[in-house]
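> Dumping the structure here so I can ask a few things about it.
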Amino acid sequence: MSDPFRDAQERMREAQERAAALGREYAHEAQERAKAVRDAMPPGLPKRLVSAFVGIPLILALIFVEVWPDRFPGIVFTLAVALIALICASEYFKALKHRGFRPNEQLSYIGVVVLQFAAWNVSRGQLVNFLPVMLVVLTIATLINQVLRRESEPVANLGVTLFGVAYVGWLVSYLVFLRSLLPGQSIAIPLPWGDGPSVSHGAWLTLYVIAVTWMTDTGAYAFGVRFGKNSRKLAPSLSPNKTVVGAIGGLVTATLTSLLWGAWAHLPWYHCLILGPILGALGQVGDLCESALKRDLGIKDFGGIMPGHGGLLDRFDSLLFTAPIAYYYLALIVT
């Protein structure tokens with residue numbers, strides 16, 4: 001005669017073993033699904049997403065926040081752009097030294113930072129003649145410094161120094177100019193429960209240019225990975241991974257983003273339809289130009305501060321081309 005208590009223990013042990021086996025099976029299936037998702041995901045995309053989740057809210061805060069707007073409109077954003085320009089310049093000069101150049105970093109850092117505050121002042125109608133004075137002083141001081149240092153290649157060192165100030169400092173300062181457009185005009189931030197606080201129109205235009213530029217890069221990357229495996233290479237000698245299909249995808253994404261964000265920035269749709277492809281094309285040209293610089297300097301990225309993107313200069317290379325053109329288009333044609 002069987003023992004009921006022992007039979008119950010046996011059945012419980014069998015149930016536990018079946019549950020454990022079922023759990024192991026489910027865990028194995030979950031691991032396989034996760035691996036399949038990982039394999040299907042474009043390389044570097046998880047790091048890009050992490051950078052986006054951190055960077056986008058920070059950028060929004062820096063663009064929209066105001067401290068003493070009557071006296072110092074956009075000063076927080078100007079300080080942020082000055083810091084970005086300083087980091088980009090340090091990445092650029094580090095790459096130059098890797099190539100064997102001896103740029104004058106100290107004077108260049110001063111010039112790069114001063115350019116941002118010069119843009120802030122010029123956009124407010126102050127110190128209009130300061131910019132050419134600063135460039136003259138910087139050119140003469142850099143040349144004198146090269147002579148006193150008795151460098152073997154003073155002309156080359158002078159050229160890369162001044163180019164760095166112009167490429168990084170001057171071009172990135174157009175973000176400050178964009179932020180200063182249409183002073184006195186503001187647009188309310190749309191929230192799910194109604195209109196939020198009003199923000200300067202220039203802040204919306206700055207966000208518009210940044211969104212179109214970076215979505216161009218995202219669209220080109222996504223289209224290239226998804227559809228460009230057998231597509232013709234866009235510029236194989238500069239960037240072997242870029243394809244014609246990816247470039248077209250970037251232009252399409254730029255146009256759609258321009259229409260969407262342009263509506264929030266209160267831009268007429270026909271200007272969005274014109275400016276979107278222009279910024280999309282310029283953004284990709286800017287990226288290719290930086291690829292040419294990196295190839296000449298013998299580096300893969302200018303830095304590693306942003307996971308999945310490289311350095312800050314790698315992330316802002318397209319904006320160096322789009323921000324100036326967008327500013328002149330908006331300032332001379334739209335506003």
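A short reminder: the numbers here are calculations on the coordinates, not readings from a lab. What you are looking at is a predicted structure, and each value in this text was computed from that prediction instead of being measured. Note that we place each Cβ from the backbone using ideal geometry, even for glycine, and neighbour counts take in every protein chain shown.
> When the range 88-108 is examined, which residues are found to be surrounded by fewer than 19 Cβ atoms within 10 Å (Cβ to Cβ) and closer than 24 Å to T206 by Cα?
If the condition is that a residue be surrounded by fewer than 19 Cβ atoms within 10 Å (Cβ to Cβ) and closer than 24 Å to T206 by Cα, then no residue fits.
> Looking at the range 290-311, is at least one residue under 13 Å from M215 (Cα atoms) and part of a helix (DSSP H, G or I)? Steps first, please.
From the range 290-311, those under 13 Å from M215 (Cα atoms) are none; that's our starting set.
No, the range 290-311 contains no residue that is under 13 Å from M215 (Cα atoms) and part of a helix (DSSP H, G or I).
> Considering the range 314-335 alone, what residues qualify as being polar (S, T, N, Q), within 20 Å of the chain's Cα centre (by Cα) and not in a helix (DSSP H, G or I)?
S318
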